[in-house]
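Accompanying notes for the structure given below.
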């Protein structure tokens, strides 16, 4: 009952943002490939078994993206703005022309399902052949081309002009500002040595200072997150730039409401401590469209306060990739033998709403009930205080951790199929046959 009252208190009109992250689109994927060998080489799968919606450890494929587009048509009807966060393509194309065609095809496809503008957030794979020895002129040349391929030049002339200076820009709507970074400049593999590549840090400082003076709040969007990656156990961004951004964000922690990042393909969060344990900035890690890190495809819709920029709540959707491929095989059976019957359909499903999934756990770890009511009513679930309470719950409550862990990979249980097959198979042949059919 208490939670219902709380939820009614936060039911204010929100500014809805749709995040589509890490598609790793691969137009060269083969349905009968074996990811252990190559997702682009046919004939590696078990006989008569195909995976039209893609496979774990491969990039996103056309048929799965078509399902995503259908889902976006339904869920973005009330969305105010949408962002596509790199890495948008799998890359590894033999020519620059093929590389650019893949990026343009992906944006055209996703844009067809999104209500309103789709803004780009650059990752790593958007750049072709860029490395440690690449000059700023080479990088800026590719950034100019990316502005064309992503359609940014047709969305906002102001954002487009700023984007050309380094792949970063800002968008302001009332008291809410979105600050979009190009963290490809800080990729750990490039090993850049400049203090401020293409002036991005100076731009961030100027934008945050402007918001402090004009009383707006900022939501920061970047591909590579700050600090350590739980997936790799290392810095994905060069540490010097991660530290520089962290210090800058904390200098303006009264302005920065939240940070949204991708790269790890995992639904997680980080807490950026600023002055003490009671003040800081929450960083939300986004699920990925690509299943290439043993995750189901997923995307998130965030509800921000239009006045404070605080994260009031969010909803997450996912596609059960294994089930999608199984339904296709079932559909073939219906087509051949049961004409006239409704064949199984493949859709994205609601995975969870943050307040429903974690609200009770957060409340249990906030001692002052009056503080809970006040916080949820005026600030939302995704502010620093409740996120710190969730952090404590994850340390102390195995049940909360179990739920959180299941969402890390968008409900991809990589050992579930192995168990189902091993529990009944009596030969290695029957076990492998079962795996081939269920994956």
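What follows draws every value from the coordinates through simple rules; no lab data is involved. Because the structure is predicted, anything quoted here is derived from the model rather than measured. Don't worry about glycine lacking a Cβ; one is built from the backbone with ideal geometry, like all the others, and counts go over all protein chains shown.
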Task: Average Cα contact separation per residue, the range 213-272, under 8 Å, 6 or more apart, as relative contact order % - done: 47
Task: Sequence of 195, 22 once ranked by neighbouring C-beta atoms within 10 Å, starting from the fewest - done: 195, 22
Open item on the list: Contact order normalised by length for the range 2-420, with contacts defined as Cα pairs under 8 Å and 6 or more residues apart; what percent is it?
Closed with: 17
Open item on the list: What whole-number distance in Å separates the alpha-carbon centres of the range 46-94 and the range 282-304?
Closed with: 12
TODO: Work out the FRET efficiency for residue 13 and residue 239 from their Cβ-Cβ distance, taking R0 = 60 Å, and round it to the nearest 0.05.
DONE: 0.90
TODO: Sort 268, 98 so the one with the fewest other Cβ atoms within 10 Å of its own Cβ comes first.
DONE: 98, 268
TODO: Determine the calculated [θ] at 222 nm for the chain from helices alone, applying -39500 (n - 2.57) to every DSSP H run no shorter than 4 residues and normalising by the residue count; nearest 500 deg cm²/dmol.
DONE: -12000 deg cm²/dmol
TODO: State the extension gain, in nm to one decimal, for the chain segment bounded by residue 431 and residue 202, taking 0.36 nm per residue of separation less the distance between their alpha-carbons.
DONE: 76.7 nm
Open item on the list: Can you say what percent of the DSSP beta bridges in the range 232-312, counting only those with both residues inside, are antiparallel? Round to 5.
Closed with: 70
Task: Linear extension gain, residue 153 paired with residue 108, 0.36 nm per residue minus alpha-carbon span - done: 14.8 nm
Task: Mean Cβ neighbour count within 10 Å, used as a protection proxy, ranking 356-362, 23-29, 118-124 highest first - done: 118-124, 23-29, 356-362
- [ ] Could you work out how far apart the two model spin labels at residue 213 and residue 138 are, taking each label as a point 7 Å from the Cα in the direction of the beta carbon, and quote it in nm?
- [x] 3.8
- [ ] Could you tell me what percent of the DSSP beta bridges with both partners in the chain are antiparallel, to the nearest 5?
- [x] 55
Open item on the list: Could you work out how much longer the chain between residue 94 and residue 405 gets when fully extended? Use 0.36 nm per residue separation minus the Cα distance between them, nm to one decimal.
Closed with: 108.2 nm
TODO: Would you kindly calculate the translational diffusion coefficient of the chain, applying Stokes-Einstein with the Kirkwood radius from alpha carbon pairs, for 20 °C and a viscosity of 1.002 mPa s, and quote it in µm² s⁻¹ without decimals?
DONE: 94
